[in-house]
Amino acid sequence: MATFVQDGRYVDYTPASAVAAGAVVVQVDLVGVAVRDIPANTLGVLAVEGVFTFPKATGASTGIAVGTTVYWASGTQLATATATSNKLIGKVVKTAADADATVLVKLFQ
């Protein structure tokens, strides 16, 4: 039997080192965004639902169309349409052109 705990838009998170508001946090396959600064060893929350602006690469062939599934590349700290070695973050909700430095993404897990 399961028991309701919370609506799931946010999850508790206690970082070992300080996390700035807006930081993308990857915990195995769970990706969340810190909604406020979280001091080290202090309970805070990560958003795991909602629409967020994520940084993306710019230049030729870096545009991402609306509806595209995107992933977080921890090494570059960028959203990408490339799944290999990256973590799922969600779907693009507004097309990002090659020159755009950000992309608008609806998080989902």
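Can you pull the Kirkwood radius for region 1-88, inverse mean 1/r over Cα pairs, to one decimal in Å? After inverting the pairwise mean of 1/r, the radius is 14.4 Å.
Carbon and sulfur: what percent of region 1-62's accessible surface (1.4 Å probe)? Intermediate values should be presented prior to the final figure.
On the way: 2190 of 3930 Å².
That share works out to 56 percent.
Rounded to 0.05, the FRET efficiency of the T102 and D7 pair, given R0 = 25 Å and the Cβ-Cβ distance, is 0.35.
The values are calculated or read from the model by the stated rules, or taken from the named source; none is laboratory data. Remember, it's a predicted structure, so these values are computed and weren't measured experimentally. Every residue, glycine as well, gets a Cβ built from its backbone with ideal geometry; the counts of neighbours run over all protein chains shown. Heavy atoms of the whole protein, side chains included, go into the accessibility calculation; ligands, DNA and RNA do not. Shrake-Rupley method; radii C 1.70, N 1.55, O 1.52, S 1.80 Å.
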